[in-house]
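Following: one structure in structure tokens, then a few remarks.
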2 protein chains.
Amino acid sequence: MRALIVEDEKRLAAALKRIFEDQAFVTDVVYDGKSGVEYALCAPYDIILLDIMLPDIDGFEVVQTIRSKKVSTPVLMLTAKDSVPDKVNGLNAGADDYMTKPFATEELIARIHALTRRSGEVVLDELAYADITLDLTGCDLKKENASVHLSPKEFEVMRLLMNNPKSAVLKETLILNVWGAESGVEDNNLEAYISFLRRKLRFLNSSVTIKNLQKIGYRLSQEEG
Amino acid sequence: MRALIVEDEKRLAAALKRIFEDQAFVTDVVYDGKSGVEYALCAPYDIILLDIMLPDIDGFEVVQTIRSKKVSTPVLMLTAKDSVPDKVNGLNAGADDYMTKPFATEELIARIHALTRRSGEVVLDELAYADITLDLTGCDLKKENASVHLSPKEFEVMRLLMNNPKSAVLKETLILNVWGAESGVEDNNLEAYISFLRRKLRFLNSSVTIKNLQKIGYRLSQEEG
DNA sequence: TCGCTTTTTAAGAGAATTTTCAGCTTGACG
DNA sequence: CGTCAAGCTGAAAATTCTCTTAAAAAGCGA
């Protein structure tokens, strides 16, 4: 499932991205209306999250434009104002639902699911590799009947690794996606988490190990016997 | 399809962005080499357009860096000079194609399509020569079922040699691409690495040898029986 | 605030990689 | 041959990266 987030406030955008990714969406983020239209027209999304207040053209215009181009992806509008005109305008312009900021994460998730269920897809809630399974709804890592709890950051790191089981995941990618662009975290921080995860994998007695590629990053691998 | 443009001249960059967008690419533009590397490492692009002359680090170094991180996105280099050394360096460093400025829009479009078509069809993750194979996703050299691990620099040297199996690779080219422009490493350093690689080839019992051409450089060759 | 979990930081051990050096071999050329 | 420059190699030294702990700091709910 793919999601597009159109939101100019970077921090909120990052938080939303996280939420969507926790729901197993592949997520693109853009920070203005023009890009929103471009992206919506160029790639097939299952849902578009759209802020009304944007630096260039506003959310209403974005919906209108993409609808006029026959894109029928569900649109969830986000607005700081709880005013009736906004809602009406949004729905008239072609949005499928709206939410007012601030909002509870649970409510957002519920609405996301309501909108995407409608389009008839199944929501992926597990990631598997070799003998382990990552539960995307809870936050734990399982092997057969055993399971360990993962903290949010451990979970994010593991999810990225399990999403790219074939290739190495760059240290840059991991840090960017787990801590964010300008977090300024040290490599050692990531290393500590890798260490935490390795301990938990040993605890589970899994055949999965996290391999280091010097100067590059990490990848999962399965130990023989 | 997503494109990244790395070009410091704003007006040219804007023109390029327009061209890409007309071809239905979602396009990011950055104006210096450092940002180019960051973007390339953090998002999946289908093509990267890269100017050689950039304010901070040059285009060669950009390609070299992202390739050393195993990013295999096709790179189209742009150069004002039509000099052979530039082309050679670019292609050795891991670029897929180059164009000299000024250029015709049609030619650019044709090259873009050639490169992205290619990437759609085959994912290049191995380099082969005679009886050996270089795994570009991991860091190892294989012969049949045996394999040896290569360190980052060993890997780079080997990749350059295997990229140019027909001709000799100049010592300067090797040093430039593996150690960088102003590293000031001695020839003996390269010799040491050649020696490491030879040992590993012997270990693999490969028919491949690294031949020295006095005062020039090295080339791969296959020993008979 | 207290107690718990999570995250960050720090430090040292340990590995892996890279560089350096000395002595040796090879090839070119008179 | 003899000599010199260029190249080769193994070993040690130096450096850089990584791993693992433990402890400090931060966050969070009761």
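The values are calculated or read from the model by the stated rules, or taken from the named source; none is laboratory data. Note that the structure is a prediction, hence the values are computed from the model and not measured. For neighbour counting, all protein chains shown are included, and Cβ atoms are generated from backbone atoms with ideal geometry for every residue, glycine included.
A few remarks follow.
- Inter-residue pairs, beta-carbon under 7 Å, first of a type in the set (Lys, Arg) and in region B:188-207, second within 11 Å of DNA strand C (Cβ to nearest atom), 6+ apart: B:LYS200/B:VAL148
- Listed here are the helices (runs of 4 or more DSSP H) enclosed by region A:129-225 that have at least 3 residues being away from chain B (no Cβ under 13 Å): A:152-163, A:187-204.
- For A:GLU224: the one exception among (1) without any contact (Cβ under 8 Å) to a residue 40 or more places away in the chain; (2) touching a Pro at 6+ places or on another chain (Cβ under 9 Å): (2)
- Residue that is farthest from B:ILE57 (Cα to Cα), among those in region B:161-218 that are among the small types (Gly, Ala, Ser) and within 11 Å of DNA strand C (Cβ to nearest atom): B:SER195
- Scanning region B:168-188 for residues that are within 9 Å of DNA strand D (Cβ to nearest atom) and closer than 14 Å to B:GLU156 by Cα returns a single hit, B:LYS171.
- Test: residue in region B:64-74 that is over 14 Å from the mean Cα position of the chain (by Cα), at pLDDT 85 or above and not in a helix (DSSP H, G or I): no
- Taken over region A:157-167, the criterion of being within 16 Å of DNA strand D (Cβ to nearest atom) and more than 18 Å from B:LEU41 (Cα to Cα) is satisfied by A:MET158 alone.
- Against the criterion of being touching a helix residue (DSSP H, G or I) at 6+ places or on another chain (Cβ under 6 Å) and either modelled with pLDDT of 75 or more or more than 23 Å from B:ASP28 (Cα to Cα) (or both), A:LEU78 does not qualify.
- B:LEU141 vs. criteria under 15 Å from the mean Cα position of the chain (by Cα) and either within 19 Å of A:LYS166 (Cα to Cα) or modelled with pLDDT of 90 or more (or both): no
- In region A:191-225, residue farthest from B:SER72 (Cα to Cα) [restricted to those that are of a type in the set (A, V, I, L, M, F, W, C) and within 8 Å of DNA strand D (Cβ to nearest atom)]: A:PHE196
- Against the test of being surrounded by 15 or more Cβ atoms within 10 Å (Cβ to Cβ) and on the phi > 0 side of the Ramachandran plot, the options A:GLY180, A:GLY184 yield a single qualifying residue, A:GLY180.
- Of all residues in region B:25-68, those being within 12 Å of chain A (Cβ to nearest Cβ), touching a Gly at 6+ places or on another chain (Cβ under 9 Å) and surrounded by fewer than 19 Cβ atoms within 10 Å (Cβ to Cβ) number 1.
- The single residue among B:ASP131, B:ASP125 that is under 21 Å from B:ALA95 (Cβ atoms), out of contact with any Pro (no Cβ under 7 Å at 6 or more places or on another chain) and away from DNA strand C (no atom under 16 Å from the Cβ) turns out to be B:ASP125.
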